[in-house]
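Colleague: What follows is a structure written as structure tokens; I'll ask about it next.
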Amino acid sequence: MNIDELKKSIIEDVENQSRSLKEITRKIHSNPELGFHEEQASELLTDYLKGNDFTVELGICRLPTAFKAVYGKGKPEIAILAEYDALPEIGHACGHNIIATSAVGAGVAARLAVDEYGGSVLVIGTPAEELYGGKIVMAERNAFNNLDAAMMVHPGTTDTATTEALACHSLDVEFIGKSTHAAASPEEGINALEALLLSFMGINSLRQHIRSTARIHGVVTNGGEAANIVPAYSSGNFIVRAADNVYLEELEERVLDCFRGAAKATGAEMKYKWDDVCYSPMRNNLTLAGLFAANMKILGRNTSISEPERSFGSTDMGNVSQIVPAIHGIVSIADKNVLVHSPEFADAAISDRGIEGMIDGAKAMAMTVADILSNSDIQTAIKEEFYGSP
Ligand SMILES: [Zn+2]
Ligand SMILES: [Zn+2]
């Protein structure tokens, strides 16, 4: 069968799956589970994959809701990644139910390509994207080693083959001062809140002179107890983001200097702790992106390679993209004015348009797997872009 015929069969295959996929996506959407607690979602997804001849391992990387499902044998190994965690309070306002079902739909349809050309397709279930960066933990535990390519689609408001995502690291800061009566004996006190406020001023000054793609933002998590007590304790949480890991490290040091300076000025003691997980920027494999965009066009979605408007979040897919050639495509399910992480986006994630996006995402990814498995030149191009030419 030539590749065009095979793609037609893939499209048909996803159509045939659509009833089941819709049902699974509805169930996940109506029972939003938070990061690392996606018991129902991981079970629904792995059951579906098992029922479609995948060999499934649930609970990989010592994470009960992470899974790996394999169809086929040997190289090339192409992975499709699923997310299925929800957000506190607003449920599936990031539409991860769509990511999950487009991934399993794509995996099942990609069996046709594996049967025709050899190699294997994997569906890897990656929990807790939102709150804990589950893929970062999984990457540290070698879940993505030896893959030849990895892909996923995220719902959004454009059809795009790549995603801009910043490196991102958060830290907790505490200041320890000395309390005293704010009016009777202020000269005896050390004001921990002032240290935190000074830190914000330092960061605001710094912000004028950093690269336009970098971001620093923070909140006060503890600012004292009463106005007539000099605060002996204050704390805050901050996030530093940059376009690459090198600049991120540089900025981390400069942000710390703002806290150090404030500690010096006020006499408060400063303690800090960087979060264990650090998000890497997204490294988009443009060879993969080109294939994905072309397949989306076949499905009638005019898909651009790069985002028409910059949107700078961070995603744990960035860390995967540093290890293996990867794309994080966006499939449009709502109008531009609908914001991700809003209740309106949660509605979109289960609307007819959301379902269409899920189906098209599944088709385009399975077709992209077929492109890769069918053509060793493509495999080489993906590799050379990632590792450099030999
Ligand atoms: Zn999100
Ligand atoms: Zn998301």
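Colleague: For the stretch 86-157, place one equal point scatterer on every Cα, skip the solvent, and apply the Debye formula. What is log10 of I(q)/I(0) at q = 0.16, 0.19, 0.22, 0.23 Å⁻¹?
Modeller: These q points yield log10 I(q)/I(0) values of -0.69, -0.91, -1.10, -1.15.
Colleague: Can I ask one more? Would you work out the charge dipole size for the stretch 246-389 about its Cα centre, treating the Cβ of every Lys and Arg as +1 and the Cβ of every Asp and Glu as -1, and quote it to the nearest 20 debye?
Modeller: It works out to roughly 80 debye.
Colleague: Report the far tail of the P(r) of the stretch 1-102, meaning the percent of Cα-Cα pairs longer than 23 Å.
Modeller: Value for the stretch 1-102 (Cα pairs over 23 Å): 31 percent.
Colleague: On average, how much accessible surface per residue is there in the chain, in Å², for a 1.4 Å probe, leaving out ligands, DNA and RNA?
Modeller: I get 42 Å² per residue for the chain.
Colleague: Find the Cα radius of gyration of the stretch 223-345, compare it with 2.2 N^0.38 Å by division, and give the number to two decimals.
Modeller: 1.54
Colleague: Here is a further query. Can you give me the Kirkwood hydrodynamic radius for the stretch 293-390, using every pair of distinct Cα atoms, in Å to one decimal?
Modeller: With all distinct Cα pairs of the stretch 293-390 included, I get 15.5 Å.
Colleague: Would you mind calculating the gained length between residue 4 and residue 27 on full extension (0.36 nm times residue separation, minus the Cα-Cα distance), in nm to one decimal?
Modeller: 4.9 nm
Colleague: What is the spin-label model distance, in nm, from residue 222 to residue 181 if the labels are put 7 Å beyond Cα along the C-beta direction?
Modeller: Label-label distance for residue 222 and residue 181, simple model: 2.6 nm.
Colleague: Now, a different point. Is it possible to state the helix-based mean residue ellipticity at 222 nm for the chain, with each DSSP H run of 4+ residues giving -39500 (n - 2.57), the sum divided by total residues, to the nearest 500 deg cm²/dmol? What is it?
Modeller: Rounded to the nearest 500, the figure is -14000 deg cm²/dmol.
Colleague: Percent antiparallel among DSSP beta bridges with both residues in the chain, to the nearest 5?
Modeller: 65
Colleague: I'd like the orientation of helix 245-266 relative to the chain: the angle between its Cα long axis and the longest Cα principal axis, in ° from 0 to 90, rounded to 10.
Modeller: 20
Colleague: Could you work out the relative contact order of the stretch 118-248, using alpha carbon pairs under 8 angstrom and six or more residues apart, expressed as a whole percent?
Modeller: 28
Colleague: Tell me the carbon and sulfur percent of the accessible area for the stretch 184-307, rounded to whole percent, probe radius 1.4 Å.
Modeller: 53
Colleague: Summarise the long-distance tail of P(r) for the chain by giving the % of C-alpha pairs beyond 40 Å.
Modeller: Here the tail beyond 40 Å accounts for 23 percent of pairs.
Colleague: Please calculate the 1.4 Å probe accessible area of residue 22, with all protein chains present, and give it to the nearest 10 Å².
Modeller: Its accessible surface works out to 70 Å², give or take rounding.
Colleague: In addition: Just to be sure I understand the curve: with the Debye formula and one point per C-alpha of the stretch 154-255, what is log10 I(q)/I(0) at q = 0.09, 0.13, 0.15, 0.19 Å⁻¹?
Modeller: At q = 0.09, 0.13, 0.15, 0.19 Å⁻¹ the computed log10 ratios are -0.34, -0.59, -0.71, -0.91.
Colleague: Given the pairs 22/336; 75/135; 7/50; 7/75; 50/297, which are separated by over 29 angstrom at their Cα positions?
Modeller: 50/297
Colleague: Whenever you get a sec, compute what percent of the accessible area on the stretch 40-139 sits on carbon and sulfur atoms (1.4 Å probe).
Modeller: 48
Colleague: Output needed for the stretch 178-233: three equivalent-ellipsoid semi-axes, defined as square roots of 5 times the C-alpha gyration tensor eigenvalues, in descending order, whole Å.
Modeller: Result for the stretch 178-233: semi-axes of 30, 11, 6 Å.
The values are calculated or read from the model by the stated rules, or taken from the named source; none is laboratory data. Everything quoted here is computed from the prediction, not taken from an experiment. All Cβ positions, glycine included, derive from the backbone under ideal geometry; neighbour counts span all protein chains shown. Only protein heavy atoms, including side chains, enter the accessible area calculation; ligands, DNA and RNA are left aside. Shrake-Rupley method; radii C 1.70, N 1.55, O 1.52, S 1.80 Å.
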